[in-house]
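Have a look at the structure below, then the notes.
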Amino acid sequence: EPEVTQTPSHQVTQMGQEVILRCVPISNHLYFYWYRQILGQKVEFLVSFYNNEISEKSEIFDDQFSVERPDGSNFTLKIRSTKLEDSAMYFCASGGELFYEQYFGPGTRLTVT
Amino acid sequence: AQSVSQHNHHVILSEAASLELGCNYSYGGTVNLFWYVQYPGQHLQLLLKYFSGDPLVKGIKGFEAEFIKSKFSFNLRKPSVQWSDTAEYFCAVNARGGGADGLTFGKGTHLIIQP
């Protein structure tokens, strides 16, 4: 069964550094999403991406964040200058024709020190 | 904006007990409703979904949920739980407006099934 994959599984970075989190969505999917979950809190929507552009974004997704689909398979989330409060689990998801049915990857645990 | 409330943060049951996890949402328009499950060490998996039609929906592993529009609820049920149902359960909603709408999640319910 096709799955969403994410790399790395765990990323440790220093405050102020740039990080890129990578996702490979399910191959025939057209809709891509990033979510995050701070420890002990809800899973929160960050951004959705369709047809090579951002479709929707939350208040969390400020100028420090950007997304890209650099080729036909990868979907990336970049945090330009990480803060301590960016420490969280970041989940990628993708959706197909039933775009509202989203399939999640295993997550990347980002630790900012 | 939508919001989702899950009333039970921790639930402990014995095997074969019946399960009902509460979920209420707040939104003025039409919504799609979901339950996701996260088994220990695994990623979020879609358990079941409601878009339209029969308000009683059946999902994988014997789970079902009932959408009650008047109560803004979408409770998850299973008649007889198994030890392998130990997991975190998340209720989620998005607005049925078309496009790539993000999901709004509840805080989750940590379910422990004792053998």
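The values are calculated or read from the model by the stated rules, or taken from the named source; none is laboratory data. Bear in mind the structure is a predicted one, so any value in this text is a computation, not a measurement. Because the Cβ atoms are built from the backbone with ideal geometry, glycine has one as well, and the counts that use them run over all protein chains shown.
Odds and ends about this structure:
- The single condition from (1) closer than 22 Å to residue A:48 by Cβ; (2) surrounded by 21 or more Cβ atoms within 10 Å (Cβ to Cβ) that residue B:96 fails is (2).
- Residue match in the stretch A:94-102 (condition: at pLDDT 95 or above and under 20 Å from residue B:100 (Cα atoms)): no
- Residue that is farthest from the other protein chains (Cβ to nearest Cβ) [pool: residues in the stretch A:61-113 that are in contact with a Phe, Trp or Tyr (Cβ under 9 Å, 6 or more places away or on another chain) and among the basic types (Lys, Arg)]: A:80
- Residue tally, condition within 11 Å of chain A (Cβ to nearest Cβ) and either assigned to a loop (DSSP other than H, G, I, E, B) or free of Cβ contacts under 8 Å to residues at least 12 places away in the same chain (or both), over the stretch B:1-39: 4
- All conditions in (1) crowded, with 16+ Cβ neighbours inside 10 Å; (2) at pLDDT 95 or above hold for residue B:50, with the sole exception of (2).
- Identity of the residue in the stretch B:89-115, part of a loop (DSSP other than H, G, I, E, B) and aliphatic (A, V, I, L, M), that ends up modelled with the highest pLDDT: B:103
- Summed over the stretch A:24-45, residues that are within 7 Å of another protein chain (Cβ to nearest Cβ), in contact (Cβ under 8 Å) with a residue 12 or more places away in the chain and not aliphatic (A, V, I, L, M) total 3.
- When A:58, A:48 are checked against the criterion of being within 14 Å of another protein chain (Cβ to nearest Cβ), without any contact (Cβ under 8 Å) to a residue 24 or more places away in the chain, under 17 Å from residue B:103 (Cβ atoms) and within 10 Å of the chain's Cα centre (by Cα), A:48 stands alone in meeting it.
- Condition check for residue B:102: more than 30 Å from residue A:55 (Cα to Cα) and without any contact (Cβ under 8 Å) to a residue 24 or more places away in the chain: no
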